[in-house]
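The values are calculated or read from the model by the stated rules, or taken from the named source; none is laboratory data. The structure presented is a predicted model; accordingly, all values stated were derived computationally and were not measured. Cβ placement follows ideal geometry from the backbone for every residue including glycine, while neighbour counts extend to all protein chains displayed.
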Amino acid sequence: MREFRIFVQKEFFHIFRDRWTTLILLVLPVLMIILFGFGITTEIRNTKFAVYDPSRDDATRGIVNKLETSDYFTLDSYLSSPSQIEQLFKEGRVGFVVVFGEKFYHSLLHTGDAKIQLIADGTDPNTASVLTNYATALINTYQQELLARQQIASGIQRGITAETRLLYNPTLKSAYNIVPGIMGMILMLICALMTSVSIAREKELGTMEVLLVSPMKPFLIILSKLVPYFTISIVNYITILLLSVYILKVPIAGSLVLLTALSLLFIFVSLSLGILISSLVEKQIVALLISGMLLLMPAVFLSGLMFPVETMPDVLQWFSHILPVKWFIIAVRNVMIKGLGITSILKEVALLAGMGVIILVVSIKKFKYRLE
Amino acid sequence: MKVIEVENLTKKFGSFTAVDNISFSVEKGEIFGFLGANGAGKTTAMRMLCGLLSPTSGKGVVAGYDILHDSEKVKASIGYMSQKFALYEDLKVWENIRLYAGIYGVSEKETRERTQLLLAELGFEKERNSLVKSLPLGWRQKLAFSVSIFHNPSIVFLDEPTGGVDPVTRRQFWEMIYQASERGITVFVTTHYMDEAEYCNRVSIMVDGRIDALDSPASLRKEFGAADMDEVFRKLARKSKNNGL
């Protein structure tokens, strides 16, 4: 037991005597939550837009007014010619431009082919589509109001009005989506990446060879490597929860005990992955690349953290199923955001537990007790 | 008394035979030089003796324990210093000593007392709390050797311990090896430096996985009609099918 204690202490020294490691482990999670929570947001607020309006009639003014009085958009300027549009985008002054056709109100009332064009910057397709969606919705509202007034005048009721209501995240706060994702990424980063790099480091420096010649059991060597990263993961888990509840105002809707149990399960899976990676490689940089490319990047892109998985090509969707982090994020959303109980996440829990056991068994088999 | 006895030890990696049917024995307290060109099979042979690799066939007894079946007991009875520098650079001098002492089961109290003594002997008292990375390479090498014999093993295996060290430090290092041998610790050392081979009681020279010569440096020089060990080595290495000479 004494050698184990000394060993765990040594691992903590490795971590806290290296400024960068300490920063990555303790400061990065906080930074990520704050950056993603506040900075990278899919909400639209006060985006500027410009208008080219050759008609200048009641309807076009009504639409511009509708856009401008919403929280989302502010009017930047009226353009005197369509040729100015490209310059505006090059300067990055506006998010989108509204172009009306000629004789807009007249066409709307009589010929029914009133033309309106929304131009957005396609180099950032996500923002562009969100902006145009919001703007389209506002224009539709205007149209409905206009029709409603005419119907009242003529006494006829017609048309379908779809009203959208978003459950669990009524105000469409992106933090609701981001917290489970960040939690998955951070736990993955610390458990899988840092553990695999730290074991690969001992191999690279030659200290692993000396340890394997010693009477210390390889099992204990690995276990003592896991203790610090496990502890730090727990610290980060608590930090992330506190930050999201008190700073990002994302409440824990479900059971905290269930959420914690779920996170412990995920930590176990990630630590096993870390051991697996380190048992396959000899160099720190390789461990870093494998963890980074095979675990973290897909965690960001395929787990639904930033883009919905449903819109991706089939191959990528299929690939996302084998990522533990994807199932963890789904389960955290169910428990933390939707407030559902254990029955709602049985599938995810079973998948995670299965993956963890398989990975652990494979990595124990792979870990070279003797240096072949 | 023999502390290492090897009979017909063989290690194959696929179709390649790294160690080909070697047999030898080492006496207690002896300084045994284990020589050979790169790729001759020294490291593989040494790893088998340390319990890091299991032999394909043959038998080996180290410190009274069978290397195949009792590798845990073998590990507890030996010290090991690797080719690569094996102390932790981000740990302090005393922390490194305590770590390795702890792994080999030296008690806390004994470790404390002997650390004092060891640092005084090496003249490192002032560096007790320094990080190992701040020490010059020669100092680290001496410290690594002291750490590898801190638990009083019956044999210490040194894998090219003086690589990259200046001649003065190499001299001092060999004085430490002699002191260890006087304390009854058997020293099993691989080296590239032929002048160091002269310091050994006996040397074996491996060529293509076999031991082609094994005797005291003086007898080997006589046998091969050579002026020094370097010439002995070159005459033997010329026979190798690997080196293309």
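If we keep just the residues of region A:1-20 that are more than 10 Å from chain B (Cβ to nearest Cβ) and assigned to a helix (DSSP H, G or I), which is nearest to the chain's Cα centre (by Cα)?
Taking region A:1-20 and keeping what is more than 10 Å from chain B (Cβ to nearest Cβ), we get A:1, A:8, A:11-12, A:19-20.
Subset that is assigned to a helix (DSSP H, G or I): A:8, A:11-12, A:19-20.
Numbers: A:VAL8: 33, A:GLU11: 31, A:PHE12: 30, A:ARG19: 27, A:TRP20: 24 Å.
Looking at the filtered set, the residue picked out is A:TRP20.
Go through the residues of region B:19-34 one by one and say whether even a single one is among the basic types (Lys, Arg) and either within 14 Å of chain A (Cβ to nearest Cβ) or farther than 20 Å from B:ILE177 by Cβ (or both). Working first, answer last.
Of region B:19-34, the ones among the basic types (Lys, Arg) are B:28.
Subset that is either within 14 Å of chain A (Cβ to nearest Cβ) or farther than 20 Å from B:ILE177 by Cβ (or both): none.
Looking for residues that are among the basic types (Lys, Arg) and either within 14 Å of chain A (Cβ to nearest Cβ) or farther than 20 Å from B:ILE177 by Cβ (or both), one finds none in region B:19-34, hence no.
When you look at B:ILE78, is it closer than 21 Å to A:SER214 by Cβ, without any contact (Cβ under 8 Å) to a residue 40 or more places away in the chain and of a type in the set (Val, Ile, Thr), yes or no?
Values: closer than 21 Å to A:SER214 by Cβ: yes; without any contact (Cβ under 8 Å) to a residue 40 or more places away in the chain: no; of a type in the set (Val, Ile, Thr): yes.
Judged against the criteria, B:ILE78 is not a match.
Can you report the number of residues in region A:172-223 which are among the polar types (S, T, N, Q) and within 17 Å of B:SER71 (Cα to Cα)?
Here is the first cut: in region A:172-223, the residues among the polar types (S, T, N, Q) are A:174, A:177, A:195-196, A:198, A:207, A:214.
Filter again for within 17 Å of B:SER71 (Cα to Cα), leaving A:214.
Residues that pass the stated criteria total 1.
B:SER240 fails exactly one of the following numbered conditions: (1) exposed (fewer than 14 other Cβ atoms within 10 Å of the Cβ); (2) in a loop (DSSP other than H, G, I, E, B); (3) among the hydroxyl-bearing types (Ser, Thr, Tyr). What is the number of that condition?
Against the list (1) exposed (fewer than 14 other Cβ atoms within 10 Å of the Cβ); (2) in a loop (DSSP other than H, G, I, E, B); (3) among the hydroxyl-bearing types (Ser, Thr, Tyr), B:SER240 comes up short only on (1).
Could you list all residues from region A:298-348 that are within 12 Å of the chain's Cα centre (by Cα) and at pLDDT below 80?
A:PRO298, A:ALA299, A:VAL300, A:PHE301, A:LEU302, A:SER303, A:GLY304, A:LEU305, A:MET306, A:PHE307, A:PRO308, A:VAL309, listed by residue number.
Does A:PHE36 satisfy the condition of being more than 24 Å from A:LEU223 (Cα to Cα), surrounded by 16 or more Cβ atoms within 10 Å (Cβ to Cβ) and in contact (Cβ under 8 Å) with a residue 40 or more places away in the chain? Break it down into steps so the answer makes sense when it comes.
Working: more than 24 Å from A:LEU223 (Cα to Cα): yes; surrounded by 16 or more Cβ atoms within 10 Å (Cβ to Cβ): yes; in contact (Cβ under 8 Å) with a residue 40 or more places away in the chain: yes.
Yes: the conditions hold for A:PHE36.
Identify, please: which residue in region B:75-104 is facing chain A (nearest Cβ under 9 Å) and β-branched (Val, Ile, Thr) and is, among those, surrounded by the fewest Cβ atoms within 10 Å (Cβ to Cβ)?
Filtering region B:75-104 for residues that are facing chain A (nearest Cβ under 9 Å) and β-branched (Val, Ile, Thr), the one surrounded by the fewest Cβ atoms within 10 Å (Cβ to Cβ) comes out as B:ILE103.
Quick one: how many residues across region B:119-140 are more than 13 Å from chain A (Cβ to nearest Cβ), part of a helix (DSSP H, G or I) and surrounded by 18 or more Cβ atoms within 10 Å (Cβ to Cβ)?
Residues that pass the stated criteria total 3.
Consider region B:47-68. How many of its residues are within 14 Å of chain A (Cβ to nearest Cβ), out of contact with any helix residue (DSSP H, G or I) (no Cβ under 8 Å at 6 or more places or on another chain) and surrounded by fewer than 21 Cβ atoms within 10 Å (Cβ to Cβ)?
Adding up the residues that qualify gives 2.
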